[in-house]
Amino acid sequence: MPLNAIRIFVVANLVSAICFYLISKTEVNCLLRVMGENTLQLYVIHCFVTAGLRLVFKVAGIKSLFLYMIVGTILGVLIPVVIAKICTRIYCLNFVFQPTKTIQRLRSC
């Protein structure tokens, strides 16, 4: 990995860490709460989102690692959270992430 790419990676991670720190110090830390509640969904789905984004960047001819890190981080968090919210509302989709809770809901109906 070239030295320039490593520097960009380090700077992007530092910026992310600083942003999360500042958000946690404010009263509006619902983003962190939502991310904490959907950790499994973020972990599983972000792989597909970032891989798809990498393919889109490659086809479009975009070679900016910095742009990829920023867009990948934002979409890698937002899209899994949206999918998690959709899955929570539809019982059969939620079975993938919360099988016990889904079975209990179906039995009570």
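Apply 1/(1 + (r/R0)^6) to the Cβ-Cβ distance of I86 and R107, taking R0 = 22 Å, and write down the FRET efficiency to the nearest 0.05.
E(calc), rounded to 0.05, equals 0.45.
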Kyte-Doolittle at least 0.0, axis length at least 15 Å by Cα - qualifying DSSP helices, the chain: 3-25, 39-60, 65-89
The chain - mean residue ellipticity at 222 nm from DSSP helices (-39,500 (n - 2.57) per run, n ≥ 4, rounded to 500): -28000 deg cm²/dmol
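Express in nm, to one decimal, how much length is gained between L55 and F95 on full extension, taking 0.36 nm for each residue of separation and deducting their alpha carbon distance.
11.5 nm
Express in nm, to one decimal, how much length is gained between S64 and V44 on full extension, taking 0.36 nm for each residue of separation and deducting their alpha carbon distance.
Working it through step by step, the gained length comes to 4.7 nm.
Which shape class applies to the stretch 45-109: rounded if a/c is under 1.5, otherwise prolate when a/b exceeds b/c and oblate if not, where a ≥ b ≥ c are the square roots of the Cα gyration tensor eigenvalues? Present the calculation step by step, with values, prior to reporting the outcome.
Numbers: a/c = 4.64, a/b = 3.66, b/c = 1.27.
It is prolate, given that a/c is not under 1.5 and a/b is the larger ratio.
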The chain, relative contact order in percent, only Cα pairs under 8 angstrom and at least six apart counted: 28
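Quick note: the coordinates plus some simple rules give every number you see, no bench work behind them. This is a predicted model, so every value here is computed, not measured. Counting neighbours? That spans all protein chains shown, and the Cβs are built from the backbone with ideal geometry, glycine included.
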